[in-house]
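Single-structure report; data block below.
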Amino acid sequence: MNIGFVIGVFGILILAHATYSTIQYRSYLKILEEEFSSPPFNVVVELILGLVLCLWAALAVPGKFLSIHPDSEENRIVSLPANLDFMIFNHRGRALPTDVNMKLKC
Amino acid sequence: MVGASEEVELNRLENQVDNGGGGVWEYLCLVRKLKVRRSDKVLKHGLSILNDSKKRSKLGGEEWTLYEQVAVAAIDCQCLDVAKDCIKALQKQFPESRRVGRLEGMLLEAKGLWADAEKAYSSLLEDNPLDQVIHKRKISMAKAQGNVSAAIEGLNKYLDIYMADHDAWRELAEIYVSLQLYRQAAFCYEELILSQPTVPLHHLAYADVLYTLGGVENLQIAKKYYAATIDLTGGKNTRALYGICLCTIALGQLTKGRNKEDKESSELHSLAATALGKDYKYRAPDKVSLLTATLGNLKLS
Amino acid sequence: MAEDLVLDTAIRDWVLIPLSVVMVLIGILRYFVSKLMRSSQTPDAKIVKEGQIVVRARNLRAAANFIPAKSFRSRRAYYSNEENGLLHVPKGQAQNPQAQMFSDPNMAMDMMKKNLSMIIPQTLTFAWVNFFFSGFVAAKIPFPLTQRFRSMLQNGIDLSSVDVSYVSSRSWYFLNLFGLRGLFSLILGEENATDDTQRMMQMSGFGMDPSKSLGAEKDSLDILQHEWALPKFEQRAEAVLRKLIK
């Protein structure tokens, strides 16, 4: 979590730096009076690196991935819920009285 | 649906709560969410919260949910005084609520005053003839009185309108199984598989019913559904593993002499047996000998 | 292009902000009024049943491959046979919503209530805006727009020389009327945000024919190809068990 967060910050910094260098490059071109065709190669590399780092952070930081397999521990269904809408009360619990001294004090 | 990890969590919390640790409210919430029936524990621990005014006021609006939960648990445990007090408190807070009226009806049921309960439910139904829960209460009341055929009739009537209610289908299936009306039960389980195709327990129950019905065709289908259960549970369902073994053997007996069918099925059978052995070794080592004896017997006969 | 107009700050203080605030408050008021007037309607048993049939048929369609072919065929026949199938709607029996409305005064009453809570405040505020704030520029949006937006943004000003990015007060009212949905969803909670545009949609779609959804369900059930999925499960189970034993 922490490492992912640091990586994300790092990625954003790299993206910001790429932005800054692009702006600088364009003003440089303006001075030379040339047309802007594409950003320089190192900026492109920087962009891709920043993208990858940010992607990693975005996948790692917000949380854990959950399994989609029906037989994984989180999803495997071991018992059905008791059908509470159809519960009936004259069962054997009737013959076995529980703790009598339970009382609701108001 | 109770998942494996949820069950572990529930047991952990239950242990903790029973030994006087904290987390009572979390436990009660989990019980409510998973819809498990732990009435005695809910009653004991829920009361401990309700009787502690400081803890109770901390819950805010959830307090009334807890009152309802404890009331139902108390009815289930035949602690009728507690239930009465809870219902009284709820009634004070929500006069003329149908939900509280339902609780009163349930209290009457627990007392065995069937006629009064019937009357209470009928008057509630007059208010809102489409209240599903009250219809269900009426049906379960018939069942509680031992009048199973009336319960079946009621369920059929109920399902005629609310035909997408899988809880009712499940209840009907279980009633049919208890009456050994397996064909009807199979229909209900098919309906359940349709509405919740990823729940392995429906597949398992359907397979059980088909196996009980018998006959080559049914056994073959049952085996397939046991296989589906194994697939959906990752082979961790013991009953399905046994089911595969039993189906294969029964099929072998029925088709004896006739031309042998595909060889693959026998492989599934041996695989299931091995998996069973492994599971027993891991979880109940002292019963392995029993298992091998049983499987050996099955093969011989 | 015209030169930049200088807008008086008094316009901002006395027109732009009050108008927005009033629109928000009216929206909230209307929400509570309609909540008060909403009658808890008890649905008819037949309508409930039709809804449930559709759900069940949809389940059948989605999970058809999980049940044996014989069971599927019998179910399909049960749903969609021509005589008394569940999804079969006899011709002529399908009520049209208009007739239904006239036969049921409650429904008409409901619609009236909805209309009242929608139309009355709308006309009142529109009259109010028209009376006090008509005919001047109230705001400027920070980007240029084409001429086509003139009728949207400069309602009430008949000057073609004003740049389109200026917004007249009456248009500001309309923008607020249709654009405050996001704000309402913040204030009133996600599901309560119904702005007027949505309401109008509801009105037009009112009384959708339930028999239509039944018919659609029947058609898609009829063309469904059943292919039993369970034989595949045997092989999958084998694979699972092999992995388990390993």
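Worth pointing out:
- Here C:K35 is the anchor, and the lysines within straight C-alpha reach of less than 24 Å, apart from those fewer than 8 places off in the same chain, are C:K113, C:K114.
- Rg and Dmax, both from the Cα atoms of segment B:211-301 and both in Å, are 13.2, 40.
- Using the empirical formula 2.2 N^0.38 Å as the baseline, the Cα radius of gyration of segment A:2-58 reaches a ratio of 1.33.
- In this structure, the amide hydrogen of C:N155, modeled 1.01 Å from its nitrogen in the peptide plane, lies closer than 5 angstrom to those of C:S168, C:S171, counting only residues at least 5 positions away or on a different chain.
- Spatially proximal aspartates and glutamates relative to B:K236 (Cα-Cα < 14 Å; intrachain offsets below 8 disregarded): A:D71, A:E73, A:E74, B:D279, C:E238
- Plainly put, segment B:100-157 has a radius of gyration that is 0.94 times its Kirkwood radius, both from alpha-carbon atoms, as the Rg/Rh ratio.
- For residues of A:67-76, the mean tally of beta carbons on other chains within 10 Å: 6
- Taking other C-beta atoms within 10 angstrom as a stand-in for reagent exposure, A:E34, B:E217 fall in the order A:E34, B:E217, fewest first.
- Here the mean projected area of the convex hull built on the C-alpha positions of chain A is 17.0 nm².
- Helix-only mean residue ellipticity at 222 nm for the protein assembly as shown, each DSSP H run of n ≥ 4 adding -39500 (n - 2.57), per residue, nearest 500: -22000 deg cm²/dmol
- Residues whose amide H falls under 5 Å from that of C:A139, counting only those 5 or more places apart or on a different chain, are C:V167, with hydrogens built in the peptide plane.
- Residue pairs exceeding 32 angstrom between C-alpha atoms, taken from B:K143/C:K232; B:K35/B:K119; B:K54/B:K136: B:K143/C:K232; B:K54/B:K136.
- Approximate shape of segment B:1-106 as ellipsoid semi-axes (Cα gyration tensor, √5λ), whole Å, largest first: 24, 15, 13
- Simple spin-label estimate for C:R242 and C:W14 gives 8.6 nm between the two label positions (7 Å along the Cα-to-Cβ direction from each Cα).
- Rg/Rh (Cα only; Kirkwood hydrodynamic radius) as it applies to chain B: 1.06
- Inter-part distance where segment B:104-146 and segment A:65-80 are each reduced to a Cα centre, Å: 37
- Cα-based convex hull, segment B:134-281, per residue volume (Å³, whole number): 125
- Label separation (A:V6 vs C:E82): 7.5 nm, computed from points 7 Å beyond Cα along the C-beta direction.
- Sequence-separation-based contact order of segment A:2-58, relative, with Cα cut under 8 Å and 6+ spacing, percent: 63
- Value of relative contact order over segment B:96-171, rounded to a whole percent, pairs C-alpha under 8 Å and six or more apart: 19
- Packing-based exposure ordering (other Cβ within 10 Å, fewest first) of B:V72, B:V2, A:V45: A:V45, B:V2, B:V72
- Debye equation applied to the C-alpha atoms of the protein assembly as shown, log10 I(q)/I(0) at 0.05, 0.09, 0.12 Å⁻¹: -0.41, -1.12, -1.37
Where a number appears in this text, it was derived from the coordinates with a stated rule and is not lab data. Predicted model, so just to flag it, every value in this text is computed and none were measured. Positions of Cβ are generated from backbone atoms using ideal geometry, with glycine treated the same way; all protein chains shown enter the neighbour counts.
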